[in-house]
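The values are calculated or read from the model by the stated rules, or taken from the named source; none is laboratory data. All values reported here derive from a predicted model rather than from experimental measurement. Glycine gets a Cβ as well: all are built from the backbone with ideal geometry, and neighbour counts include every protein chain shown. When the accessible area is computed, the model is the full protein with side chains, heavy atoms only, and any ligands, DNA or RNA have been set aside. Shrake-Rupley method; radii C 1.70, N 1.55, O 1.52, S 1.80 Å.
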Protein chains: 4
Amino acid sequence: MSQKLQGVFTPNLVPLDARGNINEDEYRRYIDWLIERGVHGLYPNGSTGEFTRFTVEERRRIVKIACEQCDGRVPVLAGAAEANVKETIAACEIYHGYGARAVAIVSPYYYKLSPESVYAYFREIARHSPIDVTLYNIPMFASPIDIPTIRRLAEFERIVGIKDSSGDVTFMCRMISAVRPNRPDFSFLTGWEAAMVPMLVVGADGGTHATSGIVPELTRRIFELTTSGAIDEAVALQLRLIELFDVMLTSADFPEGFRAAVELRGFDFGRSRQPLSDAQSVDRLALQRVLQCIMADFGVVDAPEEGCLPRSGNLERDKVLQVTEAVMARLRERGVG
Amino acid sequence: MSQKLQGVFTPNLVPLDARGNINEDEYRRYIDWLIERGVHGLYPNGSTGEFTRFTVEERRRIVKIACEQCDGRVPVLAGAAEANVKETIAACEIYHGYGARAVAIVSPYYYKLSPESVYAYFREIARHSPIDVTLYNIPMFASPIDIPTIRRLAEFERIVGIKDSSGDVTFMCRMISAVRPNRPDFSFLTGWEAAMVPMLVVGADGGTHATSGIVPELTRRIFELTTSGAIDEAVALQLRLIELFDVMLTSADFPEGFRAAVELRGFDFGRSRQPLSDAQSVDRLALQRVLQCIMADFGVVDAPEEGCLPRSGNLERDKVLQVTEAVMARLRERGVG
Amino acid sequence: MSQKLQGVFTPNLVPLDARGNINEDEYRRYIDWLIERGVHGLYPNGSTGEFTRFTVEERRRIVKIACEQCDGRVPVLAGAAEANVKETIAACEIYHGYGARAVAIVSPYYYKLSPESVYAYFREIARHSPIDVTLYNIPMFASPIDIPTIRRLAEFERIVGIKDSSGDVTFMCRMISAVRPNRPDFSFLTGWEAAMVPMLVVGADGGTHATSGIVPELTRRIFELTTSGAIDEAVALQLRLIELFDVMLTSADFPEGFRAAVELRGFDFGRSRQPLSDAQSVDRLALQRVLQCIMADFGVVDAPEEGCLPRSGNLERDKVLQVTEAVMARLRERGVG
Amino acid sequence: MSQKLQGVFTPNLVPLDARGNINEDEYRRYIDWLIERGVHGLYPNGSTGEFTRFTVEERRRIVKIACEQCDGRVPVLAGAAEANVKETIAACEIYHGYGARAVAIVSPYYYKLSPESVYAYFREIARHSPIDVTLYNIPMFASPIDIPTIRRLAEFERIVGIKDSSGDVTFMCRMISAVRPNRPDFSFLTGWEAAMVPMLVVGADGGTHATSGIVPELTRRIFELTTSGAIDEAVALQLRLIELFDVMLTSADFPEGFRAAVELRGFDFGRSRQPLSDAQSVDRLALQRVLQCIMADFGVVDAPEEGCLPRSGNLERDKVLQVTEAVMARLRERGVG
């Protein structure tokens, strides 16, 4: 039997070049960097990876490169949702051929489907997929997968886990109670790193954390502290991680805040396929300065030249003050001010 | 200048063959039937048309056939949303070439975008599309387009209207107040036929109504009664139309109730690409009997052989009773019971 | 049989004196003013009347004064919801004694109750109230009353109508279809004046409109235009009324915007029992200037001394500009600027 | 300085006699029973205690009895929310006189207030209350208290804690990060026992748990296991507690499921003030049999005579099967069946 999915999987962002096409070199360099910093697996074509903004052909290429570049160092969990069941199963077959460990399939979106329809959809996939399937529950974006449906779907051996991005710890407990007794091999992954420690404490096997694409050292460390029982230390880091997570999540339309952050780690991700308005482009620069300060506190990047002001918890104010400080610093350099 | 979009546009369903492919012959026959019964325009690749469940190539074919088959008899409003701005603009170009009158572009979905991002997205399209663009606001499925954003987008000449499926009459009033003074040519279409008469009364130019794909005679009649001032007669029909609409909308996951209904008009639409569970398949048959009774009251189909029981307003009960009646009728025929 | 409830009922605000107690003189003067300007009835202890912020004794006094001051000129619909069924029935008895025409009872709030519990609650009241009862559905604040529940409750003769503040025109249609065939005497009142005309067009009997406490002349006129068939004229006024309604509703926490507006009609309503922060107090003054401009356009008050700037539809901006204009005007007067 | 609020506070239910009045003897007996089984404090007039369904006088009596009966054995946290700020402050004074340790004040409800209004409301109370105040955040029933507002309110010394019933562990982390650095004495209590262990793990000081009114031994044990570092054992109990909690919470309109459960511990709580329909009354009996089985598994009550069937996780089915089993057992006793 295949090994259970566990640890921190990175739902990786995709770098684009000046023309808006996949920047393969940068993407490969980014994968190496993630693996070197300790992520347990890769998760291409997730929400963080903006899978809906790529074409079918691009989605395949994104998984292909990931599988090649990982080359067995870490498992690849490939997002395989396509326009309909037939196309999704076709993607499962292809990703199986690429050597992915499993696929993750988001519940149908756009239409809000009933539990019965969600069940029918995944049942069809479970019956025909040649590769292990992970359910992907993200109720803020897609039709929710409720507990009775998860229980019914866990009867299919081909379904080996669920990735849940609800962020609801009690829901995680309910899933575990409903499924684990009969399926000890079933993997529970949380997509909400803001609750990473409590999720692991109640029994989750790991997570798919966008933040691990920005600060892989930290999410790895929190995982290890928690699983080795150093809970207090893990909680202290968890509280600090939430600040970073919240800023990336709420400062811009997801996942733009994460794109802004990853650039601070030395990668060129280019412009997103979702256009930014003029106001948004300006705001992004201010955001990056605050992000740099938060990440500098973790020791993973240098602080900006002008130094970091104390943060107030009010992001709008912090952005203004930090940018003003940067401008003042420049002026001081030039002997003005 | 092109003519303003007005009247009832049909967001047409797409018939599939036994293999799940587009059934072109039936589709063309259906288009003719709609036009003969008085719809003012066609709207392929809408939510009713399950655009997200088709591939890029299929979506193009769906529009191409519609344009060919209409052949200028009525205008085609083509749904053109694709994975990202570049792909969407490419679709605009192609549909322009096919002879569509305009495109309708749904606000970005899956991710819930802020008004600023929604603006940036449509601005990019407005600047590059060679064909007139209609905004498509459907807040239950996609990022909402709010009034200030509509006002800003109405500054682009290329944007010629909005299709709103919120069903909120006050919102329609607000849109009209915000835009019409500066853009008398801007077209306001409602996607919520349950409020068709009040929407027209407050100033809407027409609608894109899934129900017009089932009972085109009726939606045409309601439109004409309302616009000619026969409000009381229109309201009486409106109240009855709501019963049909509600049953189609709430009896199954959208748009399956509409698919079940259109078959009663003599078309073979095949099975949806969203699989049905066993329970759902059985339920669909019961639903069709009730739908047949409602539609028989309008005189557009015959009542089922067993006759129609009075409806209670409780769909679950009505389905059971009507099906029981059908079984009893069969038994009586055979001399049993 | 008693006369059906119809027309515009004013859910009146309650003026307070400097100590925060009911200002009886001003309240009586306000009631006279409303009746003189044509409201069809009064509705004390509604949401607009902040019934939850008064004590039991005060709520009784509010109804008593209303009944006395009306003195039969117009009917009084008295809000009678209390802490529990027993207390609510006691209030029904008392208001019956005061001479109210009927009571309106909001669905249970705080706890979100199921339809079955909502039914059980109103059934108990229907069985014991000596005065006609109007259901009050306001889903944004209290447990919703759904269509099947309304249908079941309409079986009690004592229940004579429903006041619905959902603002959903289709819901109004559904209620009318479900109840009117068996209860032609049942009254349908809308609490959402932003949809007053369409609600009347589809068959509502009238409304309880907070705005009628501010501009009773206008709501009366819209009612009469609509019921006499002058729909186009009514719609034109409706669109303008929405601007006033939206500003009062969204500018401050309900019903503070309405309190700010009524003062412009020459009444002293004192400070609300919900305290304002410093920022809110300042903002209220700016709001009043914009409200004065909107109301001046209707001819019911004079424009502010500095004149009125064109409004942009962006309330925040309009407030700033209008206040700035006022300050500039003062400075000009003094020869500055 | 007063001792920090910590541990498990019981938001106690109130027993009623045959006439629907407070059953003082049973209430006092219940308080003793709770204290003997280890609850750390009492919380009268909470949501569980149905504070909105009592009169002002009754709410005072409820607190008075609690303070008397506790007699210093455990602290009393008294719910003090009244119709408006003045009345609420009056209640604070009275409860101070009764000897309560602190009051808990729910955010304004019915009207949905903005953060600024929530702030203004609590500021007024903080300035005038003679007794320590705990904020009570229960966003499913009342205006939410957001992080910036909590931070501002924590500047008042009189405000000593927050009781949060959102059930959101990340929100708990955010509150702690925002307030604890400046107010180490500030108490964080969770009202969501379904997440009791993870909440304590991330730093909560305790909770106000309705479930502790049913199985005080268990909530006490979970608290002690968690705070003493026996996390795995605590989590195992937590998962089982969720089953009980979910059944009580979802089986009936809150808090009726808890009322049904407490009777199994040997108390007579009488009928709720919220009337039950006939169907609800029948259903309640079936519910109690399932609850008895769940509680028997914890060893706190005996199993029903007919024994307990395995539970499926589907409450509706479990209720039917268990009741059927009970009927069959009776028939077997009588030699039938």
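Amide H contacts of D:GLY7 (H built 1.01 Å from N, in plane; Pro and chain starts excluded): D:GLY206, D:GLY207 sit under 5 Å, all sequence-distant by 5 or more or on other chains. Copy-to-copy label distances for A:ASP297, where each label lies 7 Å from Cα along Cα-to-Cβ, are 4.3, 4.8, 6.3 nm in order of increasing length.
Hey, can you grab everything whose amide H is under 5 Å from the amide H of C:GLY161? Only 5+ residues off in sequence or another chain; H modelled, so Pro and N-termini drop out. Under 5 Å from the amide H of C:GLY161: C:LEU135, C:SER187.
For peptide C:274-281, the mean count of partner chain Cβ atoms within 10 Å of a residue's Cβ comes to 6. Inter-copy label distances at B:GLU325, using a point 7 Å along Cα-to-Cβ, come to 4.2, 6.4, 7.6 nm with the shortest given first.
Could you size up the charge dipole of the stretch C:53-153 around its Cα centre, putting +1 on the beta carbon of Lys and Arg and -1 on that of Asp and Glu, and report it in debye to the nearest 20? Dipole about the Cα centre, nearest 20: 120 debye. Each Lys or Arg adds one and each Asp or Glu subtracts one; over the other residues with Cβ under 12 Å from the Cβ of A:VAL160, this totals +1.
Distance between the modelled labels on C:ARG330 and D:GLU233, one decimal in nanometres: 7.1 nm (7 Å Cα→Cβ projection).
Across the stretch B:54-60, computed HN-Hα scalar couplings (Karplus, 6.51 cos²θ - 1.76 cosθ + 1.60, θ = phi - 60°) run 10, 7, 3, 5, 5, 4, 5 Hz from first to last residue, x flagging Gly and Pro.
Along its first, second and third principal axes, ordered by size, the stretch B:237-287 spans 34, 22, 18 Å in Cα coordinates. For helix B:216-227, report the angle its Cα long axis makes with the longest principal axis of the Cα atoms of chain B; keep it between 0 and 90° and round to the nearest 10°. Computed tilt is about 60 degrees.
Ligands, DNA and RNA aside, A:HIS128 has an accessible area near 100 Å² when probed at 1.4 Å.
Distance from the C-alpha centroid of the stretch B:1-76 to that of the stretch A:232-251: 50 Å, rounded to the whole angstrom. Extents of the stretch C:128-235, taken as max minus min of Cα coordinates on every principal axis and listed largest first, are 41, 27, 26 Å. When the square roots of the Cα gyration tensor eigenvalues are ordered a ≥ b ≥ c, the ratio a/c for the stretch C:1-92 is 1.5 or more and a/b does not exceed b/c, which makes its shape oblate.
Dipole orientation for the stretch C:208-250: of the candidates C:ALA230, C:VAL247, C:ALA210, C:ALA210 has the Cα lying most toward the positive pole (charges on Cβ; Lys, Arg +1; Asp, Glu -1).
Under the convention that each Lys and Arg Cβ holds +1 and each Asp and Glu Cβ holds -1, the size of the dipole of the stretch A:55-100 around its Cα centre is about 60 debye.
Shape class for the stretch C:1-44, computed from the alpha carbon gyration tensor (a ≥ b ≥ c): prolate, with a/c not under 1.5 and a/b above b/c. For the protein assembly as shown, the Cα gyration tensor yields ellipsoid semi-axes of 44, 42, 37 Å (square root of five times each eigenvalue, largest first, whole Å). Volume per residue for the stretch B:187-286 equals 102 cubic angstrom (convex hull of Cα atoms).
Run the dipole for the stretch A:174-261 about the Cα centre, Lys and Arg Cβ at +1, Asp and Glu Cβ at -1, nothing else charged, and hand back the magnitude in debye, nearest 20.
Approximately 280 debye in magnitude.
Over all distinct alpha-carbon pairs, what is the Kirkwood Rh of the stretch D:127-177 in angstrom? Hydrodynamic radius (Kirkwood, Cα pairs) of the stretch D:127-177 is 11.5 Å.
Karplus-based coupling profile of the stretch A:296-308, in residue order and whole Hz: 5, 4, 8, x, 9, 9, 7, 5, x, 3, 6, x, 10, with θ = phi - 60° in 6.51 cos²θ - 1.76 cosθ + 1.60 and x standing for Gly or Pro.
Which whole number gives the average, over all residues in C:106-119, of C-beta atoms from other chains lying within 10 Å of the residue C-beta?
Other-chain Cβ atoms within 10 Å of each residue's Cβ, averaged: 5.
Using every pair of distinct Cα positions in the stretch B:103-150, the Kirkwood expression returns a hydrodynamic radius of 10.8 angstrom. Each 10 Å bin from zero up to the one holding the largest Cα-Cα distance in the stretch C:44-128 carries the following percent of pairs: 18, 50, 27, 5.
A Förster radius of 35 Å combined with the Cβ-Cβ distance from C:TYR98 to C:ARG19 puts the calculated FRET efficiency at roughly 0.90. Put simply, when D:167-174, D:114-121 are sorted by average Cβ atoms within 10 angstrom per residue, most first, you get D:167-174, D:114-121.
Here the translational diffusion coefficient of the stretch C:10-152 follows from Stokes-Einstein with Rh set to the Kirkwood radius across Cα pairs; for 20 °C and 1.002 mPa s it amounts to 138 µm²/s. With respect to chain A, whose longest principal axis is taken over its alpha-carbon atoms, helix A:169-179 is tilted by about 20°. Here the ratio of the Cα radius of gyration of chain A to 2.2 N^0.38 Å is 1.01. Of all trypsin sites (Lys or Arg not before Pro) in the stretch C:266-337, which ones are in loop regions per DSSP and have a Cβ with at most 10 other Cβ atoms within 10 Å? Taking the stretch C:266-337 and a limit of 10 other Cβ atoms within 10 Å, the loop trypsin sites (Lys or Arg not before Pro) found are C:ARG334. Restricting the trypsin sites (Lys or Arg not before Pro) of the stretch B:57-113 to loop positions (DSSP other than H, G, I, E, B) with no more than 11 neighbouring Cβ atoms within 10 Å leaves nothing. Under 29 Å of direct C-alpha separation, and excluding same-chain neighbours fewer than eight residues apart, C:LYS112 reaches these lysines: A:LYS112, B:LYS112, C:LYS86, C:LYS163, D:LYS64, D:LYS86, D:LYS112, D:LYS163, D:LYS319. With label points defined 7 Å past Cα in the direction of Cβ, position A:ARG180 shows copy-to-copy spacings of 2.5, 5.8, 6.1 nm, given to one decimal and shortest first.
Measuring from each Cβ of chain B to the axis that turns chain B onto chain C, the shortest distance belongs to B:PRO198, 2 (residue, then whole Å).
The C-alpha atoms of the stretch B:251-337 occupy a region whose extents along the principal axes are 41, 30, 26 Å, arranged from largest to smallest.
3J(HN,Hα) along the stretch A:41-49, derived from phi through the Karplus expression 6.51 cos²θ - 1.76 cosθ + 1.60 where θ = phi - 60°, amounts to x, 10, 9, x, 6, x, 4, 4, x Hz, with x in place of Gly and Pro. Across the accessible surface of the stretch C:20-65, with the other protein chains kept in place and a 1.4 Å probe, carbon and sulfur atoms take up 42 percent.
Accessible area ranking (1.4 Å probe, heavy atoms, ligands and nucleic acids excluded), largest first, for B:LEU5, D:LEU249: D:LEU249, B:LEU5. Measuring from each cysteine beta-carbon in chain B, the ones with no other cysteine beta-carbon under 4.7 angstrom are B:CYS67, B:CYS70, B:CYS92, B:CYS173. For peptide C:191-204, the mean count of partner chain Cβ atoms within 10 Å of a residue's Cβ comes to 5. As a ratio to 2.2 N^0.38 Å, the alpha-carbon radius of gyration computed for the stretch D:70-181 takes the value 1.03.
To the nearest ten degrees, helix D:24-36 and the longest principal axis of the Cα atoms of chain D are 80 degrees apart.
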